[in-house]
Structures are given as structure tokens and as C-alpha cells.
Amino acid sequence: MSKPLIVITGASSGIGAATARLLSAQGHPLLLLARRLERLEELALPETLCRKVDVTDREALREAVREAEERFGPADAIVNNAGAMLLGRIADQDSEEWDRMIDLNVKGVLYGVRAVLPGMLARGAGTVINVSSVAGRKTFPNHTAYVGTKFAVHAMSENLREEVASSGVRVITIAPGAVETELLSHTTDERIKEDYQAWKEAAGGALDPQVVAEAVVYAYRQPPEVTIREIVLAATGQQG
Ligand code: NDP
């Protein structure tokens, strides 16, 4: 086996699935994590371990990484991609949605990092790729809780990069604008969903997840002494 193991969270749809296909086509063994195991298995990728893991479950995430490393060797990269965007107004959004986003988008990223980082530091090599958003850099209507989580991903990624820079471990933030995936479907407020859909159409449509997958792979493929700290990409027509 010539290429090292890569872990991808939230690989059952959208950006994670596109990234899994691309990295697999380039010969990497993969550990794919999500709650919908059948969707991971439908990708039918070679040398791939699929595990039904909720990334808010720290132990389950760590155990899946341990199992994959036993089979394929040490994880050279993790793509912390699992996330949810539950748009709403703070005045009336169910606060349980804030909890879900904070647990998944913020703590899930930390748990993913912790599952691989000690090994990377010991080996003096590895790449952590965190999927944030343009909403991790600026605000949007009805995004208050979501931008909070994505600003957190940006801040944690940059701080982690500083923490591990001298140890040979790279930390990369990927910040896409709107991408055509299942992400919006989980927002519960129908009016907000319609407005977001109209905003996307006015921008001439969203990015194809394949484009984001290619950005992830471009950043990962740099030589180990080069860190692309951040890639921000969005449809040309997206103003905000
Ligand atoms: P999708 O909804 O298509 O994918 C989200 C992925 O996360 C799914 O594989 C889902 O799998 C997984 N997931 C959700 N909750 C959990 C959980 N608790 N444990 C494990 N996996 C979970 O959306 P995208 O591909 O668009 O989203 C990927 C990332 O990209 C997210 O972090 C998102 O915030 C970010 N992003 C997306 C943008 C967009 O416009 N689409 C723009 C900017 C950033 P399952 O349900 O099977 O668990």
C-alpha cells in the first residue's frame, strides 16, 4: 500500500463524499465516518473502512480511528467536514438547534483533531483539514448560531496551526461559500429555507461539491514544508 490513511468525517453526502471519491481515486485508504452507514457503503470505495459514528461521540470517533490505523497504518490526514447548518433567528429558533450545531460543528472538530493529533505529533507529520465556511469569516442573515460555530472553526484552526507548526503538522482551513449539497435541507424554518434558496439562485447557483473536494486535495498535495493556511472559494456570482 503506497499511500497513507486519510480520515473523512461526514462522508455520506456533499463535500465529504466528493472528497472521499477523489482521495480514493488517488490511491488512499480511507476511514469514512457518518451516521448513515449505508450511504458510506454505497460509495463502494476500495481499501475503505466505513463506520457509523456520530462525531459528537468522542470515544466512538477515537475507537474508529484506532481500528482504521490498525488496518491501514497511521492517519496522515483528517478532513473534519461533518457539520450542520440550522438557520434561524435567535429570538425564536429552538435553542436545541444551537446545542446540536455547537456539539457537531465545534466539539466534533476538536474530537476529530484529538483522535489523530497525538500520533501526528509523535511522527512529526500529518495534516488537519477543517471545513469551515465563508460564514466563518463574515455574517449572513439568520446565521447567528451557525456563524458562531464556523467563526470558532476558523479561530481554533488558526490557533492549532500555531500550536503545532514547529512539530511538522499542518493545519488547513477550507472556507467555501454556498455549495449544492444536502446542508440547507436540515434547516427547519421553511421561510428561511426559501429565502436562502432564492439568494443562491440570484447568485447564479452554488458550487459543485467536487470543486471543494479539489481544493481540499490541492492543499493536501503540497509538499510537507508548505502549508496552505486557508482556501476561501465561492461561486463567482456570490456577493456576500
Ligand atoms: P451535507 O449535509 O451534504 O453533509 C454533511 C455531512 O455531515 C453528512 O455526511 C452527514 O452525515 C454528516 N453529519 C451530520 N451530522 C453528523 C454527526 N452528528 N456525526 C457524523 N456525521 C454527521 O452538507 P455539506 O457537504 O455541504 O457539508 C459539509 C461541511 O461543509 C459542513 O461542515 C458545512 O458546514 C460545510 N459548508 C457547507 C457549505 C454549503 O453551502 N453546502 C458552505 C460552507 C461550508 P450523516 O447525516 O449520515 O451523519
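The values are calculated or read from the model by the stated rules, or taken from the named source; none is laboratory data. Please read these numbers as outputs of a predicted model, since none were measured by experiment. Note: ideal-geometry Cβ built from the backbone for every residue, glycine included; neighbour counts use all protein chains shown.
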Exercise. Look at the range 198-240 and say how many of its residues are in a helix (DSSP H, G or I) and over 22 Å from the mean Cα position of the chain (by Cα).
Key: 4
Quiz item: Is it the case that some residue within the range 191-206 is surrounded by 13 or more Cβ atoms within 10 Å (Cβ to Cβ) and in contact with a strand residue (DSSP E or B) (Cβ under 7 Å, 6 or more places away or on another chain)?
Solution: yes
Quiz item: Taking the range 1-22 as the search range and keeping residues that are within 15 Å of the ligand (Cβ to nearest atom) and among the aliphatic types (A, V, I, L, M), which one is farthest from residue 61 (Cα to Cα)?
Solution: 22
Quiz item: Among the listed residues 47, 42, 63, 59, which satisfies the condition of being at pLDDT 95 or above, more than 16 Å from the ligand (Cβ to nearest atom), acidic (Asp, Glu) and farther than 19 Å from residue 186 by Cα?
Solution: 47
Quiz prompt | Scan of the range 103-134 for residues that are assigned to a helix (DSSP H, G or I) and either hydroxyl-bearing (Ser, Thr, Tyr) or without any contact (Cβ under 8 Å) to a residue 24 or more places away in the chain (or both), ordered by number | solution = 111, 118, 122
Self-check item: Filtered residues of the range 27-44 (kept if in contact with a helix residue (DSSP H, G or I) (Cβ under 7 Å, 6 or more places away or on another chain) and surrounded by fewer than 21 Cβ atoms within 10 Å (Cβ to Cβ))
Solution: 43
Quiz prompt | Which numbered condition residue 12 fails, given (1) in contact with a helix residue (DSSP H, G or I) (Cβ under 9 Å, 6 or more places away or on another chain); (2) closer than 24 Å to residue 224 by Cβ; (3) crowded, with 23+ Cβ neighbours inside 10 Å | solution = (2)
Quiz item: Assuming residue 87 fulfils every condition listed in (1) in contact (Cβ under 8 Å) with a residue 40 or more places away in the chain; (2) under 20 Å from the mean Cα position of the chain (by Cα); (3) under 12 Å from residue 6 (Cα atoms) apart from one, which condition is it?
Solution: (3)
